[in-house]
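Trainee: First the structure, which I've put down as structure tokens, then a few questions once you've had a look.
The values are calculated or read from the model by the stated rules, or taken from the named source; none is laboratory data. This structure is a prediction, so every number in the text was calculated from the model and none was measured. Cβ atoms come from the backbone with ideal geometry, glycine included; neighbour counts cover every protein chain shown. Quick note on the areas: whole protein, heavy atoms, side chains included, nothing else; ligands and nucleic acids left out. Shrake-Rupley method; radii C 1.70, N 1.55, O 1.52, S 1.80 Å.
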Amino acid sequence: MKRPVEIAVLSDIHLGTYGCHAAEVCQYLNSIAPEILILNGDIIDIWQFRKRFFPKEHLKVIKKIITLASKGTHVYYITGNHDEMLRKFSDATMGNIHLIDKLVLNLDGKKAWFFHGDVFDVSIQHTKWIAKLGGWGYDFLILFNRLLNKWLISMGREKYSLSKKIKNSVKGAVKFIKDFETTATDLAIENKFDYVICGHIHQPAKRLVHNQKGSTLYLNSGDWIENLSYLEYNNRKWSLNYYRENQNNKPQNTSKVLLEPNMFQPDIFN
């Protein structure tokens, strides 16, 4: 039996790349019956799209999303930097599938602001070719890391993440992540959002942030390259989760999130 979920949030799946865990994405989506599915950017990696590499497992993810929409799930596809070409079609609606750049929802009386997060990334805004080159390098690093981990497992040793080691050891990367989170939460607090939900930086997080003007709950859904992480909203609470094989799919009691016109708030950011 599929587990009822009020809202599920996934980001940075990067379909069409070697590092994508498409089979695991499908298994997770097959295990839930969401009322709302929010795809928070970089779902299809158009930057690194290759005609010779788009396996069946990747196509199955797209098919599953369409199937969920056909069965009543409201799907909100928020564009990111790797699928920015879709932004020319922003605000398009196909049945229960909505293509948008950002989203504001009223959840049980609290305001939630969803966006991918690349708008805060200066390297993308001003030197896109460097960002794209970095994306290719990251994809091949992940591919090499998979081969390394297969060898480590065969030797009876634990898996090792090269990219996490690099991110944690390079001061610039650590500072970028901190600055990203600070910018997102400061803007959310200034504009009276109770929740701010991002992707982009591949760093899963759930943290209550305070400053002199107030507080907000910062959430980042992470990615499906290394962390295999996602967010769920049930019974007025957010949870940050990680995919595990043989995960428990027993249904949980959930309250309804009513899809009313006032769920969409005026867009305050142009």
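Trainee: Take ASP91 and TYR243, extend 7 Å from each Cα along the Cα→Cβ direction, and tell me the distance between the two endpoints in nm.
Mentor: 3.4
Trainee: Return the Rg/Rh ratio of region 1-117 with Cα-based radii and a Kirkwood Rh. Please list the in-between numbers first.
Mentor: Numbers: Rg = 14.0 Å, Rh = 14.6 Å.
Ratio of gyration radius to Kirkwood radius for region 1-117: 0.96.
Trainee: Here is a further query. Which FRET efficiency value, to the nearest 0.05, do you get for ASP108 and ILE66 by plugging their Cβ-Cβ distance into 1/(1 + (r/R0)^6) with R0 = 30 Å?
Mentor: So, using R0 = 30 Å, E works out to roughly 0.55.
Trainee: Okay, moving on. Please list 3J(HN,Hα) in residue order for region 180-196, calculated via the Karplus relation 6.51 cos²θ - 1.76 cosθ + 1.60 where θ = phi - 60°; whole Hz, with x for glycine and proline.
Mentor: With the stated coefficients, region 180-196 comes to 4, 5, 5, 4, 4, 6, 4, 5, 5, 5, 4, 9, 6, 8, 6, 10, 10 Hz.
Trainee: Between the DSSP loop rule and a limit of at most 10 other Cβ atoms within 10 Å, which trypsin sites (Lys or Arg not before Pro) in region 53-91 are left?
Mentor: Taking region 53-91 and a limit of 10 other Cβ atoms within 10 Å, the loop trypsin sites (Lys or Arg not before Pro) found are LYS71.
Trainee: Set the Förster radius R0 to 41 Å, insert the Cβ-Cβ distance between MET155 and PHE54 as r into 1/(1 + (r/R0)^6), and round the FRET efficiency to 0.05.
Mentor: 0.80
Trainee: I'd like the Karplus ³J(HN,Hα) series for region 80-94: coefficients 6.51, -1.76, 1.60, θ = phi - 60°, whole numbers in Hz, and an x wherever there's a Gly or Pro.
Mentor: Running phi through 6.51 cos²θ - 1.76 cosθ + 1.60 with θ = phi - 60° gives x, 7, 6, 10, 5, 4, 6, 5, 5, 10, 4, 6, 7, 10, 10 Hz.
Trainee: For VAL5, list long-range residues whose amide hydrogen, built 1.01 Å from N in the peptide plane, is under 5 Å from its own amide hydrogen.
Mentor: Answer set, sorted by chain and number: ALA33, GLU35.
Trainee: Continuing with this model, one more query. At a probe radius of 1.4 Å, what is the per-residue accessible area of GLU84, in Å² to the nearest 10?
Mentor: 50
Trainee: So for region 31-104, taking the charge dipole from beta-carbon charges (+1 Lys/Arg, -1 Asp/Glu), which of LEU59, ILE32, ALA92 sits furthest toward the positive end?
Mentor: LEU59
Trainee: Sticking with this structure for a sec: For region 101-109, what does the Karplus curve 6.51 cos²θ - 1.76 cosθ + 1.60, with θ = phi - 60°, yield as ³J(HN,Hα) per residue in whole Hz, taken in order and with x for Gly and Pro?
Mentor: In residue order, the calculated couplings are 9, 7, 8, 10, 10, 9, 10, 6, x Hz.
Trainee: Search the structure for amide H atoms under 5 Å from the amide H of GLY214, placed 1.01 Å from N in the peptide plane, and list their residues when 5 or more places away or on another chain.
Mentor: Under 5 Å from the amide H of GLY214: no residue qualifies.
Trainee: Going down the list LYS178/LYS237; LYS150/LYS178; LYS102/LYS237; LYS111/LYS159; LYS71/LYS178, which pairs span over 28 Å between their C-alpha atoms? Don't skip to the end; give the middle numbers.
Mentor: Working: LYS178/LYS237 25 Å; LYS150/LYS178 32 Å; LYS102/LYS237 21 Å; LYS111/LYS159 39 Å; LYS71/LYS178 40 Å.
LYS150/LYS178; LYS111/LYS159; LYS71/LYS178, as the Cα separations exceed 28 Å there.
Trainee: Under a 5 Å amide H to amide H cut-off, with H placed in plane at 1.01 Å, what residues pair with ILE13 once short-range neighbours are removed?
Mentor: Those qualifying (amide H under 5 Å, at least 5 residues apart or on another chain) are ILE43, TRP224.
Trainee: With the Cα gyration tensor of region 180-229 giving a ≥ b ≥ c as the square roots of its eigenvalues, does the rule (a/c under 1.5 for rounded; else a/b larger than b/c for prolate; else oblate) give rounded, prolate or oblate?
Mentor: Taking the square roots of the gyration eigenvalues as a ≥ b ≥ c, region 180-229 is prolate.
Trainee: FRET efficiency for VAL119 and LEU147, Cβ-Cβ distance as r, R0 = 41 Å, nearest 0.05?
Mentor: Efficiency, from the Cβ-Cβ distance: 0.75.
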